[in-house]
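Structure in structure tokens, see below.
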Amino acid sequence: MNANSHRLEVSLETVLESIDLAESIVTRVSESAGFGEEDVHKIGMAVREGVVNAYNYGNRQDRRKKIFLTIEFEPDKMAVHVLDEGSGFDVEDVPDCLAEENLLRTSGRGLFLMRAFMDDFCVRRGPSGGAELVLVKNLPKGSSGNGAVHSH
């Protein structure tokens, strides 16, 4: 992504390899945007969880469907969108992974991690159905907001 880019869109296959690919892409973009090592790791993990959900629950491992990854820069934040071609879901229907009866279940844990690792997180219905996860991280001070870092 060059310094003039404000948006990156990638269409991913519904295969396991896409999980690592999405994490790798967002990690590189986050590093070039000036995020520190800890934030880069958190952003990568959050996007990884989002793509795992799109692969397993959204597209139900159907190779005919795609997972769309979009990274957008605004003046003060980076937003990552993960869109699947599934039937969508209501975040209220996902069990609370911290409730005592759910502590040993994995359901809901990905959503918990995405919320914990990002500054803002929401789920909405995609433009043509499916679920769209929106993961937002505020840009570090000293970043220009377009993926370029001011040199000191």
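Determine, yes or no, whether GLU49 is buried (at least 16 other Cβ atoms within 10 Å of the Cβ), free of Cβ contacts under 8 Å to residues at least 12 places away in the same chain and in contact with a helix residue (DSSP H, G or I) (Cβ under 8 Å, 6 or more places away or on another chain).
Against the criterion (buried (at least 16 other Cβ atoms within 10 Å of the Cβ), free of Cβ contacts under 8 Å to residues at least 12 places away in the same chain and in contact with a helix residue (DSSP H, G or I) (Cβ under 8 Å, 6 or more places away or on another chain)), GLU49 does not qualify.
Considering region 108-137 alone, what residues qualify as being in contact with a helix residue (DSSP H, G or I) (Cβ under 7 Å, 6 or more places away or on another chain) and in a strand (DSSP E or B)?
Once the filter is applied, which keeps residues that are in contact with a helix residue (DSSP H, G or I) (Cβ under 7 Å, 6 or more places away or on another chain) and in a strand (DSSP E or B), region 108-137 yields PHE121, VAL123, ALA131, LEU133, LEU135, LYS137.
Against the condition surrounded by 15 or more Cβ atoms within 10 Å (Cβ to Cβ) and within 15 Å of the chain's Cα centre (by Cα), how does SER30 come out, does it pass?
In short, yes.
Read the figures in this text as sums done on the coordinates, not as results from a lab. Computed from a predicted structure; not experimentally measured. Reconstructed Cβ throughout: ideal geometry from the backbone, glycine too, with neighbour counts over all protein chains shown.
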